[in-house]
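Undergrad: Encoded as structure tokens, here's the structure I'll be asking about.
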Amino acid sequence: MSRSKPTADAVRILERHGARDAGLRALVEEERVNVLVARQIHDLRTHRGLTQKELADRVGTTQSVIARIEDADYQGHSLRMLRRVAEALDAEVSVRLVPAGLAAGR
């Protein structure tokens, strides 16, 4: 029996173990997106050499708001705030809507 290549992708791990429940997959995907957004903001901010406080000043908010946005467990991302953060980081927000059947094959 051949062993599968190791992966950290939670959706693929669930598939390997037979967890095909749509609700569970949706929760995992939502968490994956939250982690991705938080990581991208953190990485771009640090790449620009900014502290959370400096970014907050540019966005017109507080350091604690930036800390929450950079937290992978934060679920309150608004497109308006993401655009403000992106503008302050000289970046752009890109949103894609992908049919569900195609999204799993990333």
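The values are calculated or read from the model by the stated rules, or taken from the named source; none is laboratory data. Quick caveat: nothing in here was measured; it's all calculated off a predicted structure. Using ideal geometry, Cβ is built from the backbone for each residue, glycine included, and neighbour counts are taken over all protein chains shown.
Undergrad: Does residue 96 satisfy being in a helix (DSSP H, G or I), surrounded by fewer than 10 Cβ atoms within 10 Å (Cβ to Cβ) and without any contact (Cβ under 8 Å) to a residue 40 or more places away in the chain?
TA: When the stated conditions are applied, residue 96 does not pass them.
Undergrad: Also, I was wondering about something else. Could you grab the pairs with beta carbons closer than 7 Å, sequence gap of 6+ or different chains, first residue in the range 44-72 and under 16 Å from residue 91 (Cα atoms), second one among the basic types (Lys, Arg)?
TA: That search, which allows pairs on different chains as well, returns 55/45; 59/84.
Undergrad: Checking the condition at pLDDT below 70 and not acidic (Asp, Glu), which residue from 58, 45, 32, 16 passes?
TA: 16
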